[in-house]
Each structure stands twice: as structure tokens, then as C-alpha cells.
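First up is the structure itself, then whatever we jot down about it.
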Amino acid sequence: MQPGLWLVTSILAAVLGMALLEDGVCRAPDGKDGFPGVPGLNGRPGQKGDMGEPGKSAQRTGIQGLKGDAGEPGPPGIPGNQGYHGPHGPPGLPGQPGPKGNKGKPGNILEQPRPAFSASRRSPPSKGRTVVFDNIITNQESSYSPQTGEFTCRVPGLYYFAYQVVSSGDLCLSITKNRERVVSFCDYNSRDILQVNSGSSVLSLAAGDQVSISTDPARGSMIYSGSEADSVFSGFMLFPQTG
């Protein structure tokens, strides 16, 4: 048989077979399932899908548990930078007195200042009511001024002052401290003879205090000025005061 004829015959047979199947004239029984084929290759990855909507937050329905035990302290951290100095706080309350100190060594009286002076009148300048004793006899520590007639305290303490003034008439004199009268002494002379007006006192002086002798013209100020007798003003420290 020629190849072309065989091909035509095969095609006709196939067409007739299909026609018969569609008409239900003659149908062969179904064959058995074949064996599974070999798995195919993996397909290509699909495109990225769109982002979904955010989910709703769930309500907390659980019961809170008990507080756990404290953990171990962690290691010390790195020290921070030094801050600025804060303002000074208010003074604290006074502390308790300290114990009494040891007794000091005995002082040397020779090393202590000992102000003392004595002066008489020769040719004194006029200083109002202040009686000036211009002739220095003694002037330790240079505390007495023969120009002003005043003793100026430099070492606080108790001082003794005394004067003897010769008068030729009525005379009232006062020992003054800082120009204020402390004590006064008066002599009334009606016979016009020389007599002595004297007085003394112990004064407590602070540094800077001044002591002098002053007159009271209203009651008499007749001081003798001559070579027959001397008028003297003296003073010295009895002992210093501290504290």
C-alpha cells in the first residue's frame, strides 16, 4: 500500500471513530488511569501582593501576675561630668563648746607694755579749759602729749591718775575722760597764799580713750605759774584687761 493512501485511510478511520462516539452508537470502555508523571519544574515567583489593612488591637484580658523579686544590683555606671557649684547654704547651728585647753605658760611681765607718765608745768600753751603739763618727766609708751595735755590709752586696762596743782586763788579742777568730767576737786583761797589742789582716781580705759585735767572758770581757775612750786600730772596702768 502506498504511503499516501495509508495516511488518508488512517485519517478517515479516526474521524469515523469520533463521530460514532458523539452519536453514542458504539463506545469502548474507559481505560485504566496511567501512572503519575514526573513532577514538573518549580514555577517562577509571583509578584508581591498589596499591603493589607492594619489589624485591630486585641483587648488585654489576662490577669496581672504578682510582682517579682528584686533583681541583683547592676554594676556601677560611668561617673558623670562634674556639675556647677550650688549656692552656699545657711550657717549651721553653733556646735558644742570644745574641751578646756591646757594651761598656758606664765607670762613675762617685763615683756608687757606698761604705760606710765609724769609731767610738770613750765610754759604751757593755752588749750581752753584743758590744763597742759608741758614738761615731760616720764613718758613710757609715749602715751601722754605735752602739746595737748591729754593721755591717750593704747593698752586697755585699769589706770591710776593723780595731780597736784599749785594755786594762788580759788581753783576747781576735774579729771576728765573723753572730755567728760569724772571727778572734781575745789579749793577756795581767800588769803592769797600758795596752796595745793590735789586729786586722784582709778579709771577703766579702752583703747583710744583720753584723760586730762580741766578747769572750771565759773568756780575758779587760778593756777600758779612760777619757779617756787611745781604742778604735776601723773598716771600709770595698774594692770591690763582682756576680753
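Just a few scattered comments:
- Take the conditions (1) over 29 Å from residue 242 (Cβ atoms); (2) without any contact (Cβ under 8 Å) to a residue 12 or more places away in the chain; (3) open to solvent by less than 60 Å² (accessible area, probe 1.4 Å); residue 104 misses just one of them, which is (1).
- Test result for residue 124, more than 52 Å from the chain's Cα centre (by Cα), surrounded by 14 or more Cβ atoms within 10 Å (Cβ to Cβ) and either assigned to a loop (DSSP other than H, G, I, E, B) or acidic (Asp, Glu) (or both): yes
Results for (1) open to solvent by 40 Å² or more (accessible area, probe 1.4 Å); (2) over 53 Å from the mean Cα position of the chain (by Cα); (3) not hydroxyl-bearing (Ser, Thr, Tyr), shown as yes or no for each residue.
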| position | (1), (2), (3) |
| --- | --- |
| 99 | yes, no, yes |
| 115 | no, no, yes |
| 150 | no, no, yes |
| 161 | no, no, yes |
| 164 | yes, yes, yes |
| 175 | no, no, yes |
| 187 | yes, yes, yes |
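- Options 111, 53; residue that is under 30 Å from residue 235 (Cβ atoms), modelled with pLDDT under 85 and charged (D, E, K, R): 111
- Every residue from segment 89-121 that is assigned to a loop (DSSP other than H, G, I, E, B) and under 27 Å from residue 172 (Cβ atoms): 121
- Condition met for residue 242 (among the β-branched types (Val, Ile, Thr) and under 19 Å from residue 127 (Cβ atoms)): no
- Among the residues of this structure, residue 142 counts as one that is in a loop (DSSP other than H, G, I, E, B), farther than 21 Å from residue 196 by Cα and of a type outside the set (Phe, Trp, Tyr).
- Qualifying residue in segment 201-215 (condition: open to solvent by less than 50 Å² (accessible area, probe 1.4 Å), modelled with pLDDT under 90 and not aliphatic (A, V, I, L, M)): no
- If the condition is being in contact with a strand residue (DSSP E or B) (Cβ under 6 Å, 6 or more places away or on another chain) and acidic (Asp, Glu), then segment 210-243 contributes 216, 230.
- Cross-chain or 6+ apart pairs with Cβ under 9 Å, segment 211-231 first and free of Cβ contacts under 8 Å to residues at least 60 places away in the same chain, then open to solvent by less than 30 Å² (accessible area, probe 1.4 Å) and in a loop (DSSP other than H, G, I, E, B): 220/189; 222/189; 224/231
The values are calculated or read from the model by the stated rules, or taken from the named source; none is laboratory data. These figures come from a predicted structure and were not determined experimentally. Positions of Cβ are generated from backbone atoms using ideal geometry, with glycine treated the same way; all protein chains shown enter the neighbour counts. Note: accessible area is taken over every heavy atom of the protein model, side chains too, but ligands, DNA and RNA are not part of it. Shrake-Rupley method; radii C 1.70, N 1.55, O 1.52, S 1.80 Å.
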